[in-house]
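The values are calculated or read from the model by the stated rules, or taken from the named source; none is laboratory data. Note that this is a predicted model, so its numbers are computed, not measured. All Cβ positions, glycine included, derive from the backbone under ideal geometry; neighbour counts span all protein chains shown. Surface accessibility is based on the protein's heavy atoms, side chains included, excluding ligands, DNA and RNA. Shrake-Rupley method; radii C 1.70, N 1.55, O 1.52, S 1.80 Å.
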Amino acid sequence: MSRAVIYEKFGGPEVLELKEVPEPHAGPGEVRVRVTAAGLNPMDWIIASMPEGAAQWGITLPAGFGSDFVGVVDEIGAGAEGYAEGDRVYGGAIAQAVADYAIVQTGPSALYRLLPLPDGISDAVGAALPTPGLTAAAALDTIGVRSGDTVLIGGAAGGVGVLAVQLAKLADARVIGTASPGTFEFLRSLGVEPVEYGTGLVGRVRALAPEGVTAAADLFGAETAEAALELGVPAQRISTIAVGANPPGGVRATGGTDAAPGSLERITGAILAGTITVPIAASFPLENFREAVELQAGRHVHGKVVITT
């Protein structure tokens, strides 16, 4: 037997349970990973709380919880090439990560690639990367952020935003990030010019950048996308990742599946070089999973929340 967080009905953190389940094994084209850390994302509790969210990923009840993880390959199915037992890896497995084991499909049809985690990157940081890293890269790649741009990034202090602003800075763009005032000093430490979200956003951005904004990425809702349109940014240079949002005015909807090949490798290289930092807000043992989920779902935490197994 092994342990896994599962839910048998949709709802908030209260529906999640840590249970003993039969130990899973790798089938053809699969590898089994002994999970050492799982990083939480908004999509995890959206899937667990909303049947329509689960349906988008083909998830039916009962279901596991969490997607992003770090661990060690300990079983390899027939035809799964490129891996060896003992490999330290990171990646994603929808509705499987908060558990002792994750079964990962390999090959070109896999939703996530299972990648080697470089020495020098901790389990917690590695577990924080797959979904946010791919999403941040896609949000910027879609609009072609480049040197000389002034980019408005909505939700700059969130899990995706923290990576997006740093990737934009690496592209030599000027970055203005929407956030709550309590995160301003943190964002300034990343080279971001913070601006408070909410009513009056357009006026505040105009005051900060009277010469104009050239691109925008909305990582939370549609407020930033709408403000960018009002500021005169062409729709093709505005992206949004909001789940279920109907992009206004031709804005480009995107997500992690649109990230360019090698995006995560580029991010881990920047982490090793010291040009990207991944803040870990809190780490909880598997037994305290509900506390971790409640903290992350409250969306007031600055940095990633990680569960260790």
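Could you tell me whether Pro42 is buried (at least 16 other Cβ atoms within 10 Å of the Cβ), modelled with pLDDT under 95 and not aliphatic (A, V, I, L, M)? Yes; evaluated as a whole, the condition is true for this residue.
Residue count for the range 197-215 under the criterion of being part of a loop (DSSP other than H, G, I, E, B) and exposed (fewer than 15 other Cβ atoms within 10 Å of the Cβ): the result is 6. Evaluating Glu291 against the criteria (1) free of Cβ contacts under 8 Å to residues at least 12 places away in the same chain; (2) under 22 Å from Leu167 (Cβ atoms) leaves one unmet condition, (2).
Against the test of being of a type outside the set (Gly, Ala, Ser), closer than 26 Å to Ala242 by Cβ and over 17 Å from the mean Cα position of the chain (by Cα), the options Thr60, Thr36 yield a single qualifying residue, Thr60.
Can you find, within the range 84-109, the residue that is surrounded by the fewest Cβ atoms within 10 Å (Cβ to Cβ) among those that are in contact with a Ser or Thr (Cβ under 7 Å, 6 or more places away or on another chain) and over 21 Å from Pro42 (Cβ atoms)? If we take residues in the range 84-109 being in contact with a Ser or Thr (Cβ under 7 Å, 6 or more places away or on another chain) and over 21 Å from Pro42 (Cβ atoms), then Asp100 is surrounded by the fewest Cβ atoms within 10 Å (Cβ to Cβ). If you go through the range 67-124 and pick out every residue that is at pLDDT below 95 and not in a loop (DSSP other than H, G, I, E, B), you end up with 2.
Condition check ((1) open to solvent by 10 Å² or more (accessible area, probe 1.4 Å); (2) touching a Lys or Arg at 6+ places or on another chain (Cβ under 9 Å); (3) in contact (Cβ under 8 Å) with a residue 12 or more places away in the chain; (4) not in a helix (DSSP H, G or I)) across all residues:
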residue: Thr131; (1), (2), (3), (4): yes, no, yes, no
residue: Leu134; (1), (2), (3), (4): yes, no, yes, no
residue: Ala138; (1), (2), (3), (4): no, no, yes, no
residue: Gly144; (1), (2), (3), (4): yes, yes, yes, yes
residue: Ala156; (1), (2), (3), (4): no, no, yes, yes
residue: Val162; (1), (2), (3), (4): no, yes, yes, no
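Taken as a whole, the condition of being in contact with a Ser or Thr (Cβ under 7 Å, 6 or more places away or on another chain), closer than 15 Å to Gly155 by Cα and not hydroxyl-bearing (Ser, Thr, Tyr) does not apply to Ala253.
Inspect the range 1-17 for any residue being at pLDDT below 95, touching a strand residue (DSSP E or B) at 6+ places or on another chain (Cβ under 9 Å) and open to solvent by 30 Å² or more (accessible area, probe 1.4 Å) and give the result as yes or no. Yes: one or more hits. When each of Pro181, Pro194 is tested for being within 28 Å of Gly274 (Cα to Cα) and buried (at least 23 other Cβ atoms within 10 Å of the Cβ), the lone residue that passes is Pro194.
Restricting to the range 18-39, count the residues that are open to solvent by 70 Å² or more (accessible area, probe 1.4 Å) and not in a loop (DSSP other than H, G, I, E, B).
So the answer is 2.
Checking each residue in the range 167-196 for being under 12 Å from Ile153 (Cα atoms) and in a loop (DSSP other than H, G, I, E, B) picks out Ala173, Val192.
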